[in-house]
Amino acid sequence: MTAVDDRPATPAEAPRRRGNPLLALLRNSWRQLTSMRTALVLLFLLAVAAIPGSVLPQRGVNPEDVRDFYTANPDLAPVLDRIGAFDAFSSVWFSAIYLLLFTSLIGCITPRLRDHVRALRARPPAVPKRLARLPQHAVVPAPEGGAAAVAEALRRRRWRVAVRGDEVSAEKGYLKETGNLIFHTSMVLVLVGVALGSWYGWQGNRLLVAGPDGVFCNTRQQYAEVKLGPRVGDDLPRFCMQLNEFDARFLPNGQASSFNAKVTVDEDGGPPRPAEFSVNSPLRLDGANVHLLGHGYAPVIRYTDRFGRSQTSAVPFLTTGDIGLTGEGLAAFPDANVDPETGERNQDLQMAFSGLYLPTAPQEPPFVRSEHPTEQNPLLELIAYRGNLGLDAGIPGSIYQLDQRQLRNGRLTEIGVKQLRIGESWTLDDGTTVEFRGTERYIVLAVRHDPGMMLLLVSSIGLVLGLMGSLFVRRRRVFVRLLPAGPGDPDSGSPTGGSSLVEVAGLPRTEHPGFAAEFAQLVAVIGGGGRPDVADTDQGAPARSREGAE
Amino acid sequence: MSALSDQLVSIATLVYLLAMISHAVEYALGNSRARAVAAPSRELVGAAVGGAAASGTVADARDAAGDVATAGALAAGGTVGGAESGAGAPGRAERTAWRAELGGRIAVGLTAVAAALHLAALVTRGLAADRMPWGNMYEFVLTVSFIGVAAWLTVLVKWPFLRRLGLFLTLVMVLLVATAELVLYTPIVPLVPALNSYWFIVHVSTIVFASGLFLLGAVPAAAYLMRAGYEDGKRSFPYTLAKRLPAAAGLERLTFVLHAFSFPIFTFAVIAGAIWAEAAWGRPWGWDPKETWAFISWVVYAGYLHARATPSVKRNVTAWLAIFGFLTVMMNLFGVNIFFEGLHSYGGL
Ligand code: HEM
């Protein structure tokens with residue numbers, strides 16, 4: 001039904017001499033691969049292959065879910081993992097399908113690109129012999145000025161025109177194929193953009209606690225999680241950032257209504273400057289974008305050891321996912337109880353406090369879940385542990401989980417549980433104290449650099465524009481032949497004579513329901529000597545225009 | 001305002017139901033004129049248009065339905081008509097036909113009324129929430145279905161002979177709106193900050209629009225499959241329903257027109273979503289379940305367009321692809337929010 005021919009990229013490449021059978025096989029496979037049918041099958045396969053990635057947990061989306069899946073299905077999970085089911089979109093099978101599809105795509109558009117350039121440069125084809133056989137056909141009085149006038153009228157309507165003697169051929173709608181090629185080429189560019197991003201891009205995640213102690217500088221070591229593309233060197237763009245204030249607003253029901261992070265940044269030697277960012281408006285620095293992904297509270301905990309030395313740490317308590325921002329965390333003091341005189345470290349006197357922080361604790365126990373994300377009734381519940389933490393030394397509060405082995409083998413013991421309000425302190429059995437001094441806000445940052453982004457954007461625009469050209473433009477041809485004057489006297493031709501007739505025919509090369517109407521109008525223009533006001537007087541052959549007035 | 005919106009939704013559902021019943025009445029009574037549409041139009045056109053051009057376009061069917069009151073109807077009556085209005089007197093048949101026509105017109109009127117109520121429900125909901133009414137699944141489904149019905153009414157103005165498809169459309173509308181109301185209902189809350197962005201508005205409005213058109217496009221695709229089977233002489237259950245549908249070729253074309261129109265919009269919508277995701281989450285694409293299913297829909301619809309441009313692929317296959325594509329859209333709308341958990345699970349379900 002379409003006037004489109006099934007276009008295997010190489011049109012009927014007749015098998016020439018009996019060549020190398022291997023070459024013949026290759027050529028055949030290539031032809032198969034670049035056929036429209038193959039593209040169709042591959043597209044379908046691609047859609048099917050994307051399903052497991054949405055059904056099974058994915059490491060790239062949520063690594064914890066994958067861990068949970070492993071726990072729930074200890075037998076199945078390793079098998080699935082081996083076939084890449086948890087990284088479905090970078091798995092061998094998924095990649096194979098899209099790489100084949102894109103090979104097919106390139107193999108498909110290259111010859112079409114060549115053909116199209118040729119078509120753009122060629123003149124519209126000669127007028128066929130029997131115009132009456134075309135879907136649209138009409139005979140009307142010839143305009144003054146003959147072929148030249150017809151050509152001019154068509155050109156004014158942005159047809160591409162070729163005049164050959166008394167015959168005029170015109171074609172319109174090349175933009176369809178142009179659009180189609182732009183669309184398919186953009187697909188390739190999208191893939192290139194993605195590849196650029198994954199080779200040369202990097203990303204890191206970390207928490208940033210408000211205040212001067214929380215300053216972070218952009219180096220690999222400072223990220224909790226960092227992913228570097230294979231072509232990224234060790235040097236990340238240099239900048240440092242301090243969170244001054246985090247403003248979060250909430251509705252009475254606890255739903256967030258707005259966030260705003262106020263920071264001070266200094267980029268590569270520049271003077272520190274204030275900046276702000278929020279959930280939908282990242283901070284765009286030179287060579288990196290900083291995105292706000294989450295937020296929470298970091299209780300400030302001070303521990304005073306048996307030598308009277310105090311250490312304070314603001315430990316980000318990770319939110320547990322409820323709307324009230326209940327947080328869970330661990331404050332570890334591995335350097336506690338070091339004798340200041342001898343500098344001797346007693347491994348068995350290291351301290352850790354795990355706890356639960358409720359910004360708005362309920363009035364009655366149990367105190368397990370905060371009722372609102374703002375701090376209306378802050379309560380910190382701490383469990384104290386003493387013993388060997390299983391790490392030699394470190395920054396206070398830098399670990400998020402207790403080493404369970406140490407608990408099991410008795411080298412670390414629980415000494416008690418206590419609920420603290422801001423300002424309260426708790427004296428432990430050995431006379432040391434822990435004090436809850438208040439909280440700081442912290443935010444979760446994703447810092448990213450993706451050099452493919454610009455290309456992605458440009459090619460996406462190409463994608464949409466090309467698609468529109470491809471789907472909305474119609475390719476069609478019109479042929480005009482000036483007939484010799486006087487129907488009874490075919491040989492006495494004065495082509496430019498006022499009484500002569502002109503035969504007009506039209507051929508939509510793609511489905512085009514409005515073509516009959518357009519054709520009728522053209523006929524009117526031609527027949528009316530360029531005046532469109534006689535549009536309705538001659539409809540050409542009415543029976544034929546049935547093909548589709550809109 | 002919020003309560004008003006809820007009431008409007010309930011009333012709209014009822015009116016859709018009434019429209020559906022009227023369509024069913026029209027269906028049951030039959031319509032002697034429309035019965036003529038199918039077979040002859042194809043042949044007329046086939047004869048009129050030489051080999052190259054399309055045979056049996058939407059316009060054909062309309063023309064045929066309009067002009068071919070007598071001769072064509074008789075010719076067609078041989079295959080289709082006759083039997084079902086009973087062997088009664090011509091007067092009775094005429095009256096039945098007239099009643100069917102009336103039923104159809106009432107159905108369309110009711111659909112329009114329901115659509116107006118539906119729109120009013122959306123507007124009041126938006127006013128009550130002080131934002132665009134597409135912050136959660138309830139609002140989302142309501143908006144998508146409204147786009148579907150609005151597009152349907154537009155199509156009807158252009159091609160009134162398609163009216164009989166209204167039975168399917170109103171059925172889908174009743175199902176969607178009732179599901180929204182009974183299962184997905186969420187009280188009004190403002191958008192969470194992540195959704196508060198221009199790109200989000202652009203993204204969601206275009207996704208909603210494209211989904212509405214895909215919804216509408218699935219109707220003639222399904223009708224085509226039934227009608228094509230009927231025209232091939234199949235007389236078993238689902239095909240018999242197609243007895244009074246417009247010509248298969250016209251339905252097929254309509255399917256294509258709707259999909260060709262909505263595919264670029266959908267493409268744009270997905271891109272807008274990627275731009276928004278880049279700003280909100282720092283990555284344009286992360287294979288979150290919602291994104292994955294949008295990708296699947298996109299690929300399936302690209303497959304549909306390809307298949308349709310490939311002459312060696314049967315039109316039945318392309319119609320199935322369109323339906324399959326619509327199922328993936330539905331999967332994204334309902335299934336993903338219900339079965340999977342991802343960044344998009346703000347759905348409020
Ligand atoms: C990455 C995979 C591809 C996607 C997403 C894709 C998508 C599309 C879409 C959406 C259309 C419809 C626009 C139109 O009708 O002009 C289209 C048309 C077309 N595609 Fe592709 N395509 C892909 C690969 C290919 C391949 C591998 C070939 C070559 C075999 C191909 C050949 C064509 C042709 C010839 C048309 C024009 C059909 C017509 O004239 O209506 N495409 N493609």
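Among the chymotrypsin sites (Phe, Trp or Tyr not before Pro) within region A:246-342, those in coil by DSSP and having at most 16 neighbouring Cβ atoms inside 10 Å are A:Phe307. With only the Cα atoms considered, region A:255-386 has a convex hull volume of 172 Å³ per residue. Hey, how much of the P(r) for region A:422-468 falls beyond 14 Å, as a percent of Cα pairs? The proportion of pairs with Cα distances above 14 Å equals 74 percent. Simple spin-label estimate for B:Ala120 and A:Leu25 gives 7.3 nm between the two label positions (7 Å along the Cα-to-Cβ direction from each Cα).
How about region B:181-270: which trypsin sites (Lys or Arg not before Pro) there are in a DSSP loop, with at most 11 other Cβ atoms within 10 Å of their Cβ?
Here the trypsin sites (Lys or Arg not before Pro) that fit, given the DSSP loop and packing criteria, are B:Arg235.
Rounded to 0.05, the FRET efficiency of the A:Ala132 and A:Gln32 pair, given R0 = 45 Å and the Cβ-Cβ distance, is 0.65. Computed from the C-beta positions of A:Arg437 and B:Ala178 and an R0 of 60 Å, the FRET efficiency is 0.60 to the nearest 0.05.
For region B:90-161, the Kirkwood hydrodynamic radius comes to 14.2 Å, computed from all pairs of different C-alpha atoms. If you wrap the tightest convex hull around every Cα atom of region A:280-320 and split its volume per residue, you get 109 Å³.
Among the cysteines of chain A, A:Cys108 have no other cysteine beta carbon within less than 4.7 Å of their own. Residues whose amide H lies under 5 Å from that of A:Gly452, counting only those 5 or more places away or on a different chain, are A:Gly197; hydrogens are built 1.01 Å from N in the peptide plane.
In vacuo Debye scattering of region A:63-202, one point per C-alpha: log10 I(q)/I(0) at q = 0.10, 0.11 Å⁻¹? Debye output, listed in q order: -0.62, -0.68. Overall size of region B:202-349 from C-alpha positions, given as principal axis extents largest first: 56, 31, 23 Å. Scaled against the 2.2 N^0.38 Å expected of a compact globular protein of N residues, the Cα radius of gyration of region A:186-236 reads 1.50. Dimensions of chain A along the principal axes, based on C-alpha atoms and rounded to the nearest Å, stand at 126, 61, 48, largest first. Between 0 and 90 degrees, rounded to the nearest ten: what's the tilt of helix A:515-527 against the longest Cα principal axis of chain A? On a 0 to 90 degree scale, this one is about 40. Loop-resident GluC sites (Glu not before Pro) (DSSP state other than H, G, I, E or B) in region A:316-372 with no more than 10 further Cβ atoms inside 10 Å of their Cβ: A:Glu341, A:Glu344.
Under the simplified labelling scheme, the A:Val92-A:Val79 pair shows an inter-label distance of 1.8 nm, with each label point 7 Å from Cα along Cα→Cβ. Here region A:109-138 is scanned for amide nitrogen atoms under 19 Å from the site 7 Å beyond the Cα of A:Tyr174 along Cα-to-Cβ, giving A:110-127.
Where in region A:173-202 is the amide nitrogen less than 20 Å from a point lying 7 Å along the Cα-to-Cβ axis of A:Phe472? The answer is A:173-187, whose backbone nitrogens lie closer than 20 Å to the label point.
In this simple spin-label approximation, A:Arg123 and A:Val226 carry label points 7 Å from Cα along the Cα→Cβ vector, and these lie 6.7 nm apart.
Rounded to the nearest 10 degrees, the inclination of helix A:21-33 to the longest alpha-carbon principal axis of chain A is 80 degrees. Amide H to amide H distances under 5 Å link A:Arg164 with A:Ser169, where only residues 5 or more positions off or on other chains count and H is placed in the peptide plane.
Readers should treat all values here as calculations from the given coordinates under stated rules, not as data from a laboratory. The structure presented is a predicted model; accordingly, all values stated were derived computationally and were not measured. Neighbour counts are summed over all protein chains in view; Cβ atoms, including those assigned to glycine, are modelled from backbone coordinates with ideal geometry.
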